[in-house]
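Report on the structure given below.
The values are calculated or read from the model by the stated rules, or taken from the named source; none is laboratory data. Remember, it's a predicted structure, so these values are computed and weren't measured experimentally. Ideal geometry is used to build each Cβ from the backbone, glycine not excepted, and the neighbour counts take in all protein chains shown. Each accessible area value is taken on the protein alone, full model and side chains, heavy atoms only, with ligands, DNA and RNA left out. Shrake-Rupley method; radii C 1.70, N 1.55, O 1.52, S 1.80 Å.
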There are 2 protein chains.
Amino acid sequence: MKAIRPAWDEGTKKRLIDAAGKVFARHGFRAATIREICKCANAAVSAVNYHFGDKKGLYLAVFEYCNRRAIEKYPHDLGLDSEATAEERLRVFIRSFLLRGLGDGFPAWHEKLIAQEVADPSGIFGKVAETAIRPMDEYLEKVIREFLRKENSAQEPDVCLVELCRMNVIGQCIFQIHIRQLMPLAATKILEPAQITAIADLIFQFSVGGIRAIAAGR
Amino acid sequence: MKAIRPAWDEGTKKRLIDAAGKVFARHGFRAATIREICKCANAAVSAVNYHFGDKKGLYLAVFEYCNRRAIEKYPHDLGLDSEATAEERLRVFIRSFLLRGLGDGFPAWHEKLIAQEVADPSGIFGKVAETAIRPMDEYLEKVIREFLRKENSAQEPDVCLVELCRMNVIGQCIFQIHIRQLMPLAATKILEPAQITAIADLIFQFSVGGIRAIAAGR
DNA sequence: GACAGTTTCAAACAGTTGTTATAAATATTA
DNA sequence: TAATATTTATAACAACTGTTTGAAACTGTC
């Protein structure tokens, strides 16, 4: 029996990562099946175990790949001048977050995979939190602390308030991403970068108002 | 012939609903297994099919039960005076949302189940959206529209801005619920109503500042 | 007691899951 | 070319999935 290898073959390993990203993002670790992934990747079921050991190995590989590429493509500061104000850094942070979550292809998986981990943790969340979430949190924390300090006449802001503001900003971004990935119509239509920037700027406006209100304390 | 049907709150049926709520909330529809639910409810596996037809029937029953009880216990206005200002209604809406999501027992499942549906839709989302999400959305929409109208000297606010504000408020609430359900320490410790109110009021403060900033348009 | 309706339980069903053993196909090197 | 290592394909494995079966155990009424 002559096996037919597709001409567009650019390596089973790469195709598996791509397919697994799609399927894991859609169903989460538990509900995703190796067979669906392999069918999606035009590969045999045994390919997963050969290249990645087991299902969890593939999952980790996908996470590492997405995380690395997403931050590489859309870093938190989007190459902003390091002398930029806290306000400007916040605006850009929100834009980068939305670009990662609403863009086409693998960057969108990144946020969706994290969402799946939040919904039904698979046990690797600790590792993910360290490499993907922690650095982002610390970056945003610094930005917001600086912002609040300026608003509050250089007085060191309350830790709880900083955390609350950080959560609120992230919450808004994540909700936007989820709601737009969920809507059946939006699923087919990818948002243009300009549209994403527009949404990001509105969230920025809202957040600045919110942070100022928290800083004012009433 | 009068069939002797046990009260809804008694017997295996009730225990199954309780157990299924817990397991579905933790793992989602696909990844949850009937056997885990039945073990949790001290029931035989066939009990599910006897009482609810199939897995999906149980899932729907859980959703209906949670939804009804959660809104019953914490309605959107928490019994507020119907003459209350939009600002006060918003404050109370946020508090009721957090109480539903962070309280003990079944109210907490409610939001978690919706989150699971968002993460990996099981096909019944249309039904859920109609009965659980749509009414909440419309209530909040009215509140925010009224708020914006007052801020903007009775001028009818832009539809997109109303929607954005609504999403941002919901996003903040949902994120708070998720993050607190995720943290391993918080899982054991249930928040006191007073603590929940405190968090809700901070989100309210933040949101009011945000909405005002959006209304001001800069 | 006997009887009929309702509910439980253990066992088994067919289908799917992750994983693996083995052989075939391909790539690499001498 | 031949020999070797790497990669892919097939089929099977045991464990688990939702569901069904049929017999037992209840329930209340006569």
Choice from A:Arg35, A:Arg69, A:Arg91 with maximal GNM fluctuation in chain A (Cα, 10 Å cutoff) | A:Arg35
For chain B, built as a Gaussian network whose Cα springs stay under 10 Å, the top-fluctuating residue of B:Asp104, B:Asp18, B:Asp158 | B:Asp158
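Report, to the nearest whole %, how much of the accessible area of chain B belongs to carbon and sulfur atoms, 1.4 Å probe, protein only.
C and S atoms contribute 54 percent here.
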Three principal axis lengths of segment B:8-65 [C-alpha, angstrom, descending] | 25, 22, 18
Eligible lysines near B:Lys39 by straight Cα distance, threshold 17 Å, same-chain separation 8 or greater = B:Lys13, B:Lys14, B:Lys22, B:Lys55
Quick one: compute the contact order of segment B:74-216, relative version, from alpha carbon pairs under 8 angstrom and 6+ residues apart, as a percent.
-> 34
Tail beyond 20 Å, pair distance distribution of segment A:130-211 (Cα, percent) | 44
Rg ratio (alpha-carbon, reference 2.2 N^0.38 Å) - segment A:74-216 = 1.07
Subtract the Cα-Cα distance of B:Arg134 and B:Leu78 from 0.36 nm times their separation in residues, and report this length gain in nm to one decimal.
-> 18.3 nm
Treating the Cα atoms of the protein assembly as shown as identical point scatterers in vacuum, please give the log10 of the normalised Debye intensity I(q)/I(0) at q = 0.07, 0.09, 0.12 Å⁻¹, two decimals.
-> -0.38, -0.62, -1.07
One decimal, nm, nearest first: from B:Lys127 to the same residue in each other copy, label points 7 Å out along Cα→Cβ, the values are 3.8
Would you calculate the separation in nanometres between label points at A:Gln155 and A:Ile190, each defined as 7 Å from the Cα along the Cα-to-beta-carbon direction?
-> 4.9
Other-copy label distances relative to A:Glu87, 7 angstrom Cα-Cβ extension, nm = 2.4
Farthest toward positive dipole pole in segment A:10-63 [+1 Lys/Arg, -1 Asp/Glu at C-beta], among A:Phe24, A:Phe63, A:Ala44 = A:Phe24
Of A:Ala200, A:Ala84, A:Ala44, the most mobile residue in a GNM of chain A (C-alpha springs, cutoff 10 Å) is A:Ala84
How much area per residue is accessible in segment A:10-63 when the probe is 1.4 Å and only protein heavy atoms are counted (Å²)?
-> 47
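How many Å² of accessible area per residue for segment B:74-216, probe 1.4 Å?
On the way: 6040 Å² over 143 residues.
Here the per-residue accessible area is 42 Å².
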Rank A:Gly53, A:Ala215, B:Pro193 by how far each Cα sits towards the positive end of the charge dipole of the protein assembly as shown (+1 on Lys, Arg Cβ; -1 on Asp, Glu Cβ) and give me just the farthest.
-> A:Gly53
Distances in nm from A:Ser46 to the matching label points in the other copies, shortest first (labels 7 Å along Cα to Cβ) = 4.1
For segment B:1-141, count the residues as N, evaluate 2.2 N^0.38 Å, and divide the Cα radius of gyration by that value, please.
-> 1.15
Multiply the residue gap between B:Arg35 and B:Tyr50 by 0.36 nm, knock off their C-alpha separation, and tell me the result in nm, one decimal place.
-> 4.0 nm
